[in-house]
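Q: The structure that follows is given in the form of structure tokens.
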Amino acid sequence: MTVTETRTLLTSDAGSRPRRARRSYSREKKRSILLTILLWLCVLYFVLPLWWLFVSSTKDNSSLFSTFGMWFGGDFSLLENLQTLFSIRGGVFSRWLLNTVFYAVTSAVGATALAAMAGYAFAKYDFPGKKVLFSATLGAIMIPLTALALPTYLLFSQAGLTNTPWAIIIPSLVSPFGVYLMRVYAADAIPDTLIEAARVDGAGEFRIFAQVGLRLLGPGLVTVFLFSLVATWNNYFLPLIMLNSSDLYPITVGLAQIQAAASAGGGSQALFSTVITGSFVSILPLIIAFLFLQRYWQSGLATGSVKG
């Protein structure tokens, strides 16, 4: 190759590099714009129902049907709606709210503890039937909870536990997905060498789990706690068939009963704003819990997804 040809080749290659860089930058920019649009659509999909619920809770019954749903209209009636909500039927909504908090927190704490122990055992111990039991746990994830509601009711009816708080708490303590998540998380978060060192120092298995394992499983525990909390808080079908007394209802069943009773009596429209305000109040504790535990939840999911 001559000197002239070499110079021509180098000049051509030098000129093509900026063009390739511009094309690559253009593709990345288009991709970034597309991803940004998709993310904003996802944000709107999740935020707009919450915004509608808040806006609707500030309207009286007539404004709900005569104004635009996504913006305020008429008088700001949030305080009046809250006063009606907490005074209806002798203030039973406060009772339902306390019941829901009790059911959800107790079930979430118990489900998290059981999932942590089971997940730790699946990840760090070898015992007969381990694969079969873990496969059964994974299979249980695929079974819808509504399919188990009637058999659960029959069992609790024979045991005399229906129409008691235990009828809501005990079934909610079993979380197959929580066991799977904690097994995956514990496999990475707790080094085997650390467990062996604790055994050499004379620590028992339960002490190793309580003083070493639980500290390293913190983000995973919070993740399972949030999932269990939301699942029990939003549960409707199980309390509906298990509970007969209005004093034991959670928010989901209580609000549905108010609306159904008003509809049967021909006065449902008078309670639309009350039911909507109750729905808005019912999601506030969940929003607060997520905002408070968000950093633990995110780190738990990220770490737990390393192995699967």
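The values are calculated or read from the model by the stated rules, or taken from the named source; none is laboratory data. Just so it is clear, the model here is predicted, and its values are computed rather than measured. Note that each Cβ is placed from the backbone with ideal geometry, even for glycine, and that neighbours are counted across all protein chains shown. Just the protein is used for accessible areas: all its heavy atoms, side chains included, with ligands, DNA and RNA removed. Shrake-Rupley method; radii C 1.70, N 1.55, O 1.52, S 1.80 Å.
Q: Consider only pairs whose beta carbons are under 7 Å apart and that are at least six residues apart or on different chains; among these, list those whose first residue lies in the range 44-72 and is farther than 18 Å from V275 by Cβ and touching a residue at least 40 places away in the same chain (Cβ under 8 Å) and whose second residue is of a type in the set (A, V, I, L, M) and crowded, with 17+ Cβ neighbours inside 10 Å.
A: Short answer, once both residue conditions are applied: none.
Q: Same structure again: Counting only residues that are touching a Phe, Trp or Tyr at 6+ places or on another chain (Cβ under 7 Å) and either at positive phi or open to solvent by 40 Å² or more (accessible area, probe 1.4 Å) (or both), how many does the range 131-146 have?
A: 3
Q: Using beta carbons and a limit of 7 Å, which pairs, at least six apart or on different chains, have the first residue in the range 87-113 and without any contact (Cβ under 8 Å) to a residue 40 or more places away in the chain and the second one open to solvent by 20 Å² or more (accessible area, probe 1.4 Å) and assigned to a helix (DSSP H, G or I)?
A: Close Cβ pairs (under 7 Å, with a partner that is open to solvent by 20 Å² or more (accessible area, probe 1.4 Å) and assigned to a helix (DSSP H, G or I)) amount to S94/F86.
Q: Taking into account only those residues within the range 87-104 that are open to solvent by less than 50 Å² (accessible area, probe 1.4 Å), farther than 13 Å from L271 by Cβ and not aromatic (F, W, Y), which is nearest to the chain's Cα centre (by Cα)?
A: The selected residue is A104.
Q: Looking at L248, L238, which one is closer than 27 Å to L293 by Cβ, touching a residue at least 40 places away in the same chain (Cβ under 8 Å) and not basic (K, R)? Full working, then the answer.
A: Working: L248 fails: closer than 27 Å to L293 by Cβ.
After ruling out the rest, the residue left standing is L238.
Q: Output the number of residues of the range 181-212 satisfying the condition of being surrounded by 12 or more Cβ atoms within 10 Å (Cβ to Cβ), among the small types (G, A, S) and farther than 23 Å from L138 by Cα.
A: Of the residues in the range 181-212, 4 are surrounded by 12 or more Cβ atoms within 10 Å (Cβ to Cβ), among the small types (G, A, S) and farther than 23 Å from L138 by Cα.
Q: Kindly establish whether A140 is closer than 20 Å to T223 by Cα and modelled with pLDDT of 95 or more.
A: no
Q: Taking D126, is it of a type in the set (D, E) and closer than 30 Å to F206 by Cβ?
A: So D126 fits the description; yes.
Q: Scanning the range 192-237 for residues that are of a type in the set (V, I, T) and farther than 30 Å from W96 by Cβ, which turns out farthest from the chain's Cα centre (by Cα)?
A: Per the criteria, the residue is V200.
Q: Something else now. For K59, only one of the following conditions fails: (1) loosely packed, with under 11 Cβ neighbours inside 10 Å; (2) modelled with pLDDT of 60 or more; (3) of a type in the set (K, R). What is its number?
A: Every listed condition holds for K59 apart from (1).
Q: Further question on the same structure: When you look at A197, is it among the small types (G, A, S) and touching a helix residue (DSSP H, G or I) at 6+ places or on another chain (Cβ under 6 Å), yes or no?
A: When the stated conditions are applied, A197 does not pass them.
Q: Inside the range 147-171, can you point out the residues that are closer than 27 Å to G218 by Cβ and open to solvent by 50 Å² or more (accessible area, probe 1.4 Å)?
A: I170, the sole residue that qualifies.
Q: Using the structure shown, decide if V174 is of a type in the set (V, I, T), within 15 Å of Y103 (Cβ to Cβ) and open to solvent by less than 50 Å² (accessible area, probe 1.4 Å). First the steps, then the outcome.
A: On the way: of a type in the set (V, I, T): yes; within 15 Å of Y103 (Cβ to Cβ): yes; open to solvent by less than 50 Å² (accessible area, probe 1.4 Å): no.
No, not satisfied.
Q: Could you list, in sequence order, the residues of the range 63-86 that are assigned to a helix (DSSP H, G or I), surrounded by 13 or more Cβ atoms within 10 Å (Cβ to Cβ) and of a type in the set (G, A, S)?
A: S63
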